[in-house]
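Read through the structure below, which is laid out as structure tokens, and then see the notes.
The values are calculated or read from the model by the stated rules, or taken from the named source; none is laboratory data. Remember, predicted model here, so these are calculated numbers, not experimental data. Positions of Cβ are generated from backbone atoms using ideal geometry, with glycine treated the same way; all protein chains shown enter the neighbour counts.
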Amino acid sequence: DENIHMDAMGFGMGMCCLQVTFQAFDVDESRYMFDQLAVLAPIMLAMTAATPIFKGRLSNIDVRWSSIAASVDCRTPAERGLLSPE
């Protein structure tokens, strides 16, 4: 079996993460900040790539985002676009 089964929400939400909240003066400043962060966010994500191993097995992902997102995603495989909706 090539899959790594992480069957509890704690596998995703138990990972250490940082969330930053910004407050802007107005919409123009908000747009400016968004434009600046849209360029920096992928760079910062790549610099912090530090999760290649889950449950003692080497995975083909290196960032925590997909694991964190999947731990709270209650959609069916068809709703996620993995299967046909038949």
Are there any helices (runs of 4 or more DSSP H) wholly within region 1-71 with 2 or more residues that are out of contact with any helix residue (DSSP H, G or I) (no Cβ under 9 Å at 6 or more places or on another chain) and at pLDDT 75 or above, and if so which?
27-47
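With S30, S66 as the choices, which residue is closer than 26 Å to N3 by Cα, surrounded by 10 or more Cβ atoms within 10 Å (Cβ to Cβ) and not acidic (D, E)? Steps first, answer last, please.
Working: S30 fails: closer than 26 Å to N3 by Cα.
None of the other options fit; the residue is S66.
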